[in-house]
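Shown next, in structure tokens, is the structure this report addresses.
No value in this document is a laboratory result; all are computed from the given coordinates. Nothing here was measured: the structure is a model prediction, and the numbers come from that model. Virtual Cβ from ideal backbone geometry, glycine too; neighbours counted across all protein chains shown.
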Amino acid sequence: MKRFGERLRQAMDGANIKPKQLADRSGVSQRYISALLAGENETPRVDKAWLLARALGTSIDWLVTGEMFQNDQLSPQEVALVAAFRSLPETGRKSLLRIVHAYSDNS
């Protein structure tokens, strides 16, 4: 079973995000994130885990336990897509949605 830090690294890689960016997006210190990644802290505080999961666009359930629960059936690519979408400004989100809808209408 993977450690929390390994799942955190997997989610960061999927979202193509570095520790400094995650710290900026989540409000969790880069030092705390680095300690998690290094395995120095195996049991993160729930509030910190929630902030990290939210910033990465993944579920806290998966990040903490490694298990996906009923409503959390996103693939790593979907998690990365959601994280990227959330990082866009509102105009970018609207433009991307138009592209996706146009593509899906033509498929």
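Residues Thr65, Thr43, Thr58 in ascending order of nearby Cβ atoms (within 10 Å, fewest first): Thr43, Thr65, Thr58.
Please report the net charge: other residues with Cβ closer than 13 Å to the Cβ of Arg9, K and R +1, D and E -1. Net local charge, Arg9 excluded: +2. Listed from fewest to most Cβ neighbours within 10 Å, the set Phe85, Phe4 follows the order Phe85, Phe4. The simple spin-label model puts a point 7 Å past each Cα toward its Cβ; for Phe85 and Asp61 those points are separated by 1.9 nm. What's the FRET efficiency of Asn41 with Lys94 using the Cβ-Cβ distance as r and R₀ = 30 Å, to the nearest 0.05? It comes out at approximately 0.15.
Does region 3-98 come out rounded, prolate or oblate by the C-alpha gyration tensor, with a ≥ b ≥ c the root eigenvalues, rounded set by a/c under 1.5 and, if not, prolate when a/b is larger than b/c and oblate if not? Display every interim value, and only then the final one.
Details: a/c = 2.20, a/b = 1.44, b/c = 1.53.
Oblate, since a/c reaches 1.5 and b/c is not below a/b.
Running a GNM on the chain with Cα contacts under 10 Å, which residue among Leu96, Leu56, Leu22 ends up with the highest mean-square fluctuation? Of the options given, Leu96 has the highest mean-square fluctuation. Applying both filters, DSSP loop and at most 11 other Cβ atoms within 10 Å, to the GluC sites (Glu not before Pro) of region 1-56 gives Glu40, Glu42.
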